[in-house]
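*Asks:* Please see the structure below; I have some questions.
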Amino acid sequence: MKPQTPLDIALAHNMTKLEYKKVVDILKREPNYTEIGIIAAMWSEHCSYKSSSKYLRGFPTVAPWVIQGPGENAGVVDIGDGYAVVFKMESHNHPSFIEPYQGAATGVGGIMRDVFTMGARPIASMNLIQFAHIDEDTKTAKLHRRLLRGVVDGIGGYGNCMGVPTIGGSVGFESCYAGNNLVNAFNLGLVKKDEIFLGVAKGVGNPVIYVGSKTGRDGLGGAVMSSSSFEVGNECLRPTVQVGDPFTEKLLLEACLELFQKDYIIGIQDMGAAGLTSSSFEMAGRSGSGMKLYIDKVPARETNMTTYDFMLSESQERMLICAKKGYEQKVIDIFHKWQLDAVDIGEVTSTGDMELYFENKKVANIPIQPLSEESPILDRPVSKPKYLDNIKQISMIKNLSLQAIFDSLLSTPEVLDKSWIYEQFDSMVQTNTIKHPGSLDSSVVRIKQTNKAISMSVKCNTRFCYIDPKLGAIAAVMAAGADVAMSGATPLAITDCLNFGNPNNPEVMWQFKKACEGIKEACKKLNTPVVSGNVSLNNETDSIGIYPTTAIATVGLLEDQNKVLSSVFQGQNNYIYMIGDTYSEFGGSLYLKEIEGQIAGTHPKIDLNKELKLWNIVINANKKNLLMCAKNIGVGGLAISLGKMCAISNIGCEIDVALEGELDIFSESLSRAIVEVVPNKVAQLDELLLQSGLTYICIGKTGGTTFSINGLYKNLHKIRERYFNNFKKIIEQDI
């Protein structure tokens with residue numbers, strides 16, 4: 001057998017010939033096996049963003065309340081009273097398809113480490129997950145019921161053990177996710193403004209300390225795997241999925257938080273994708289330093305491990321610390337107290353190189369800045385997808401009654417109550433949750449140290465993104481922000497998770513480009529800067545890619561935690577207002593998908609000025625104590641939004657509203673809200689709405705045991721029975 005050349009090895013690590021040539025030019029020699037593995041991981045799509053970074057430039061990232069924007073482990077936003085919130089969202093898509101429990105669990109663990117490595121205690125988690133249809137009698141549906149059960153088990157298993165509440169999320173079902181389910185994990189933590197830590201390593205001679213779990217071979221090659229598309233038979237990639245241990249992470253969290261109270265360290269970094277490689281290179285690279293690491297000192301839980309194994313393992317629950325010289329033992333003692341490994345494995349240098357030693361021999365020497373600064377930035381071809389040429393053509397020919405349409409839409413897994421999911425999550429641990437899963441729109445936690453509360457929501461209408469990637473991205477920013485505003489909170493900032501197909505496909509890169517343009521436009525106008533985020537490409541199996549999935553999580557602030565606004569009806573005989581304009585807009589709608597069997601049409605109109613006015617009117621009305629509840633009108637339109645409000649509150653309503661067409665109660669026009677007001681506050685609300693310049697109308701009243709809208713009558717008991725019970729029947733049918 002012909003011996004492999006360094007180029008052969010590089011190609012096997014998914015490097016291109018051009019990239020390999022650049023490596024040789026940087027090193028001025030051919031790299032060895034370990035160096036190839038390290039550079040391939042750092043230059044992988046997952047770590048370097050080589051296809052996407054071009055389009056991420058120009059995101060609005062600054063505001064008076066933004067303390068730390070993109071570029072660190074997570075974003076940081078000032079909430080006043082000496083406190084800040086730290087938050088980020090990341091994907092764990094490929095691992096969760098290969099091994100759903102561990103893939104989802106380690107996604108939760110990884111995003112928590114990104115937050116607490118900044119000095120923050122995690123106080124809330126959310127997730128956005130996407131699967132193929134699960135309510136069919138097909139092999140794919142059976143697979144995705146299993147995947148969903150595994151993912152939910154993994155999210156709950158890790159989050160519950162960590163003592164961090166999972167307070168909300170979003171679940172969607174489309175056929176495009178048959179080969180790539182999505183798991184996007186969000187976490188938010190609380191920190192004092194003057195106790196924020198960054199991932200830097202500087203100061204010649206300062207020690208580099210490894211802390212946490214021992215290193216094994218699990219997750220080996222994970223970053224490279226996550227930078228590739230799937231093919232049939234990818235189950236062989238199971239060894240690249242990391243194995244998590246939430247009990248160890250809980251110890252690591254508490255040890256880190258204790259450490260942060262001391263003046264012992266310069267910086268700290270989570271070992272995420274590419275493990276010790278990414279953490280060491282990023283810490284030294286941010287400060288222009290060099291680093292020496294003695295790899296044989298790294299704690300191992302497997303025998304005969306090589307430098308390659310140690311540097312590229314993605315074993316979980318590990319951190320890298322740059323300590324102040326002379327404080328090594330004090331740092332180590334804290335982690336030993338928490339029964340964790342802690343070893344001095346190296347030091348900061350002034351060389352600018354990463355020097356790796358194993359058993360007293362130098363086994364790798366890589367210049368750090370060139371590796372970062374000359375990492376590939378690709379200008380991939382873009383072309384408008386051909387499917388968009390005919391996407392606007394829709395036919396609405398089904399002649400069903402309003403009752404039949406309502407029953408059909410309410411029965412879809414997308415709409416049904418997901419208590420089967422969220423009841424497996426501990427949402428009340430830490431006793432801060434004010435607005436919990438299942439209560440619609442955003443979720444809210446109080447900040448005990450202050451009178452404030454934090455509202456958060458994660459959203460993406462993938463059908464909107466499919467028919468118009470730019471407007472769909474704008475709509476995602478609008479929807480997540482509107483959810484937050486409906487709780488009475490002022491949206492402050494977003495984190496994103498951009499899930500797309502194969503970047504080698506010019507049509508995918510066109511979708512990505514347009515989505516980024518949409519985020520930039522929406523965030524600038526709505527004054528919600530991007531403070532962190534993640535890109536996940538290559539979500540494709542056998543050349544079938546997912547819909548553009550521009551997941552947006554918005555975080556907002558309520559100055560008074562006693563004024564959290566509900567999203568469901570609160571009383572009998574109150575007036576119901578609809579704010580905003582309704583048009584006959586069915587592009588990308590649930591109606592068009594479920595009733596007409598199409599995902600097509602023209603995206604609903606976008607008006608960011610109206611959207612901002614809508615947020616402000618609800619926020620201001622809530623401050624004046626004028627509202628009993630507020631709900632963003634979303635999937636399924638006015639009828640489904642009202643139906644869910646009635647089901648959860650167990651309060652009926654009688655609605656009579658003049659619309660252009662009979663079906664418009666299912667239209668998904670944007671920038672609309674439902675609000676509830678008691679009779680003696682109507683005049684004040686009318687005055688406020690009149691000043692806003694927005695369209696508004698009183699459409700009915702709450703009360704009774706019937707849901708009624710424009711001649712559609714449904715018994716509330718039957719709506720509740722279907723809404724609360726059917727999802728469990730669907731997901732458990734194979735058990």
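*Asks:* Being part of a strand (DSSP E or B) and either at positive phi or in contact with a helix residue (DSSP H, G or I) (Cβ under 8 Å, 6 or more places away or on another chain) (or both) is the filter here, so list the residues in the range 153-167 that pass it. Can you show your working first?
*Replies:* Going residue by residue through the range 153-167, those that are part of a strand (DSSP E or B) are 166-167.
The one that is part of a strand (DSSP E or B) and either at positive phi or in contact with a helix residue (DSSP H, G or I) (Cβ under 8 Å, 6 or more places away or on another chain) (or both): Thr166.
*Asks:* Taking the range 491-516 only, how many residues are under 25 Å from Thr61 (Cβ atoms) and touching a helix residue (DSSP H, G or I) at 6+ places or on another chain (Cβ under 9 Å)?
*Replies:* Residues that pass the stated criteria total 17.
*Asks:* Before we move on, is Asp734 open to solvent by 40 Å² or more (accessible area, probe 1.4 Å) and closer than 30 Å to Ala141 by Cα?
*Replies:* On the way: open to solvent by 40 Å² or more (accessible area, probe 1.4 Å): yes; closer than 30 Å to Ala141 by Cα: yes.
Criteria met by Asp734.
*Asks:* Select from the range 213-236 the residues that are assigned to a helix (DSSP H, G or I) and either modelled with pLDDT of 90 or more or open to solvent by 40 Å² or more (accessible area, probe 1.4 Å) (or both) and list them in ascending order.
*Replies:* Keep residues of the range 213-236 that are assigned to a helix (DSSP H, G or I), which gives 222-225, 234-236.
Hits for the range 213-236 are Glu235, Cys236.
*Asks:* The conditions are (1) in contact with a Pro (Cβ under 9 Å, 6 or more places away or on another chain); (2) surrounded by fewer than 24 Cβ atoms within 10 Å (Cβ to Cβ); (3) of a type in the set (Val, Ile, Thr), and Thr138 fails exactly one of them. Which is it?
*Replies:* (1)
*Asks:* Scan the range 534-549 and give yes if some residue there is open to solvent by 60 Å² or more (accessible area, probe 1.4 Å) and modelled with pLDDT of 95 or more, otherwise no.
*Replies:* No.
Conditions (1) of a type in the set (A, V, I, L, M); (2) under 18 Å from Ser536 (Cα atoms), marked per residue:
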{"residue": "Leu11", "(1), (2)": "yes, no"}
{"residue": "Tyr20", "(1), (2)": "no, no"}
{"residue": "Ala40", "(1), (2)": "yes, yes"}
{"residue": "Tyr49", "(1), (2)": "no, yes"}
{"residue": "Tyr55", "(1), (2)": "no, yes"}
{"residue": "Thr61", "(1), (2)": "no, no"}
{"residue": "Gln68", "(1), (2)": "no, no"}
{"residue": "Tyr83", "(1), (2)": "no, no"}
{"residue": "Met89", "(1), (2)": "yes, yes"}
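*Asks:* Right, next: Of the residues in the range 407-438, how many are open to solvent by less than 40 Å² (accessible area, probe 1.4 Å) and closer than 21 Å to Leu492 by Cβ?
*Replies:* Qualifying residue count for the region: 3.
*Asks:* Open to solvent by 20 Å² or more (accessible area, probe 1.4 Å), at pLDDT 95 or above, touching an Asp or Glu at 6+ places or on another chain (Cβ under 9 Å) and not aromatic (Phe, Trp, Tyr): which single residue out of Lys623, Lys631 fits that description? Working first, answer last.
*Replies:* Details: Lys631 fails: open to solvent by 20 Å² or more (accessible area, probe 1.4 Å).
Going through Lys623, Lys631 in turn, the sole match is Lys623.
*Asks:* I've got another one for you. Which condition number does Met283 fail, the rest of (1) at pLDDT 95 or above; (2) of a type in the set (A, V, I, L, M, F, W, C); (3) out of contact with any helix residue (DSSP H, G or I) (no Cβ under 9 Å at 6 or more places or on another chain) being met?
*Replies:* (1)
*Asks:* Name the single residue, out of those in the range 489-508 being within 16 Å of Gly472 (Cβ to Cβ), open to solvent by less than 10 Å² (accessible area, probe 1.4 Å) and not polar (S, T, N, Q), that is farthest from the chain's Cα centre (by Cα).
*Replies:* Residues of the range 489-508 within 16 Å of Gly472 (Cβ to Cβ): 494, 496-501, 507-508.
The next check asks that each one be open to solvent by less than 10 Å² (accessible area, probe 1.4 Å); those that pass are 494, 496-501.
Now narrow it down to the ones that are not polar (S, T, N, Q): 494, 496-498, 500-501.
Values: Ile494: 10, Asp496: 6, Cys497: 5, Leu498: 9, Phe500: 14, Gly501: 17 Å.
Per the stated criteria, the residue is Gly501.
*Asks:* Determine which single condition Lys398 fails, assuming it passes every other condition in (1) closer than 30 Å to Ile709 by Cα; (2) basic (Lys, Arg); (3) open to solvent by less than 20 Å² (accessible area, probe 1.4 Å).
*Replies:* It is condition (3) that Lys398 fails.
*Asks:* Oh, and also: Taking strands (runs of 3 or more DSSP E) that do not extend beyond the range 66-111, which have at least 2 residues that are open to solvent by less than 30 Å² (accessible area, probe 1.4 Å)?
*Replies:* Working: elements: 66-68, 75-80, 83-91.
Qualifying strands (runs of 3 or more DSSP E): 75-80, 83-91.
*Asks:* Considering only the range 184-212, state which residues are under 25 Å from the mean Cα position of the chain (by Cα), part of a strand (DSSP E or B) and surrounded by 22 or more Cβ atoms within 10 Å (Cβ to Cβ).
*Replies:* Within the range 184-212, Asn184, Ala185, Phe186, Asn187, Leu188, Gly189, Leu190, Val191 meet the criteria.
*Asks:* Okay, moving on. Go through Lys520, Lys514, Lys525 for me and flag whichever is of a type in the set (Lys, Arg) and touching a strand residue (DSSP E or B) at 6+ places or on another chain (Cβ under 9 Å). Talk me through it step by step, then tell me what you get.
*Replies:* Working: Lys514 fails: touching a strand residue (DSSP E or B) at 6+ places or on another chain (Cβ under 9 Å); Lys525 fails: touching a strand residue (DSSP E or B) at 6+ places or on another chain (Cβ under 9 Å).
Answer to the check: Lys520.
*Asks:* A further question follows. Hey, could you check the range 702-735 for residues that are in contact with a strand residue (DSSP E or B) (Cβ under 8 Å, 6 or more places away or on another chain) and in a helix (DSSP H, G or I) and say which is nearest to Glu676 (Cα to Cα)?
*Replies:* Of the range 702-735, the ones in contact with a strand residue (DSSP E or B) (Cβ under 8 Å, 6 or more places away or on another chain) are 702-710, 713-716, 719.
Then drop every residue that is not in a helix (DSSP H, G or I), which leaves 716, 719.
Details: Leu716: 18, Ile719: 20 Å.
Out of the qualifying residues, it is Leu716.
*Asks:* Can you name every residue in the range 655-685 that is more than 30 Å from Ala600 (Cα to Cα) and either exposed (fewer than 15 other Cβ atoms within 10 Å of the Cβ) or among the hydroxyl-bearing types (Ser, Thr, Tyr) (or both)? Can you show your working first?
*Replies:* First, the residues of the range 655-685 that are more than 30 Å from Ala600 (Cα to Cα): 675-685.
Residues satisfying the conditions are Pro679, Asn680, Ala683, Gln684.
*Asks:* Name the single residue that is surrounded by the fewest Cβ atoms within 10 Å (Cβ to Cβ) among those in the range 23-56 being closer than 20 Å to Asp353 by Cα and of a type in the set (Asp, Glu).
*Replies:* Asp25
Condition check ((1) hydrophobic (A, V, I, L, M, F, W, C); (2) more than 16 Å from Thr277 (Cβ to Cβ); (3) over 30 Å from the mean Cα position of the chain (by Cα)) across all residues:
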residue: Pro6; (1), (2), (3): no, yes, yes
residue: Met15; (1), (2), (3): yes, no, no
residue: Lys22; (1), (2), (3): no, yes, yes
residue: Arg29; (1), (2), (3): no, yes, yes
residue: Thr34; (1), (2), (3): no, no, yes
residue: Ile38; (1), (2), (3): yes, no, no
residue: Trp43; (1), (2), (3): yes, no, no
residue: His46; (1), (2), (3): no, no, no
residue: Ser53; (1), (2), (3): no, yes, no
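*Asks:* Across the range 565-621, what is the total count of residues that are small (Gly, Ala, Ser) and farther than 25 Å from Ile467 by Cβ? Outline the logic, then answer.
*Replies:* So in the range 565-621, the residues small (Gly, Ala, Ser) come out as 566-567, 571, 580, 584, 587-589, 597, 600-601, 621.
Filter once more, keeping what is farther than 25 Å from Ile467 by Cβ: 566-567, 571, 621.
Total satisfying the criteria: 4.
*Asks:* May I pose another question? For Ile640, state whether it is over 18 Å from Ala482 (Cβ atoms) and either touching a Ser or Thr at 6+ places or on another chain (Cβ under 8 Å) or open to solvent by less than 10 Å² (accessible area, probe 1.4 Å) (or both). Walk me through how you get there before you give the answer.
*Replies:* On the way: over 18 Å from Ala482 (Cβ atoms): no; either touching a Ser or Thr at 6+ places or on another chain (Cβ under 8 Å) or open to solvent by less than 10 Å² (accessible area, probe 1.4 Å) (or both): yes.
Considered against the rule, which asks whether it is over 18 Å from Ala482 (Cβ atoms) and either touching a Ser or Thr at 6+ places or on another chain (Cβ under 8 Å) or open to solvent by less than 10 Å² (accessible area, probe 1.4 Å) (or both), Ile640 comes out as no.
Yes/no matrix, rows are residues, columns are (1) assigned to a strand (DSSP E or B); (2) surrounded by fewer than 20 Cβ atoms within 10 Å (Cβ to Cβ):
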{"position": "Gln261", "(1), (2)": "no, yes"}
{"position": "Gln269", "(1), (2)": "yes, no"}
{"position": "Glu282", "(1), (2)": "no, no"}
{"position": "Phe310", "(1), (2)": "no, no"}
{"position": "Gly346", "(1), (2)": "yes, no"}
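*Asks:* Could you run through the range 237-259 and say how many residues are among the small types (Gly, Ala, Ser) and not in a helix (DSSP H, G or I)? Steps first, please.
*Replies:* Taking the range 237-259 first, the residues among the small types (Gly, Ala, Ser) are 244, 255.
Imposing the further condition that a residue be not in a helix (DSSP H, G or I) reduces the set to 244.
Number of matching residues: 1.
*Asks:* Is at least one residue of the range 377-394 open to solvent by 20 Å² or more (accessible area, probe 1.4 Å) and touching a strand residue (DSSP E or B) at 6+ places or on another chain (Cβ under 6 Å)?
*Replies:* Among the residues of the range 377-394, not one is open to solvent by 20 Å² or more (accessible area, probe 1.4 Å) and touching a strand residue (DSSP E or B) at 6+ places or on another chain (Cβ under 6 Å), which makes the answer no.
To keep it simple, each residue is scored yes or no on (1) open to solvent by 40 Å² or more (accessible area, probe 1.4 Å); (2) over 29 Å from His13 (Cβ atoms); (3) among the hydroxyl-bearing types (Ser, Thr, Tyr).
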site	(1), (2), (3)
Met305	no, no, no
Ser313	no, no, yes
Met319	no, no, no
Lys325	yes, yes, no
Ile332	no, yes, no
Thr351	yes, no, yes
Glu359	yes, no, no
Ile368	no, no, no
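*Asks:* Does the range 544-561 include one or more residues that are closer than 30 Å to Gly703 by Cα and either assigned to a loop (DSSP other than H, G, I, E, B) or without any contact (Cβ under 8 Å) to a residue 24 or more places away in the chain (or both)?
*Replies:* Step one: list which residues in the range 544-561 are closer than 30 Å to Gly703 by Cα, which gives 558, 560-561.
When the remaining residues are screened for being either assigned to a loop (DSSP other than H, G, I, E, B) or without any contact (Cβ under 8 Å) to a residue 24 or more places away in the chain (or both), the result is 560.
Yes, some residue in the range 544-561 is closer than 30 Å to Gly703 by Cα and either assigned to a loop (DSSP other than H, G, I, E, B) or without any contact (Cβ under 8 Å) to a residue 24 or more places away in the chain (or both).
The values are calculated or read from the model by the stated rules, or taken from the named source; none is laboratory data. This is a predicted model, so every value here is computed, not measured. All Cβ positions, glycine included, derive from the backbone under ideal geometry; neighbour counts span all protein chains shown. Protein only, heavy atoms only, side chains kept; ligands, DNA and RNA dropped before computing areas. Shrake-Rupley method; radii C 1.70, N 1.55, O 1.52, S 1.80 Å.
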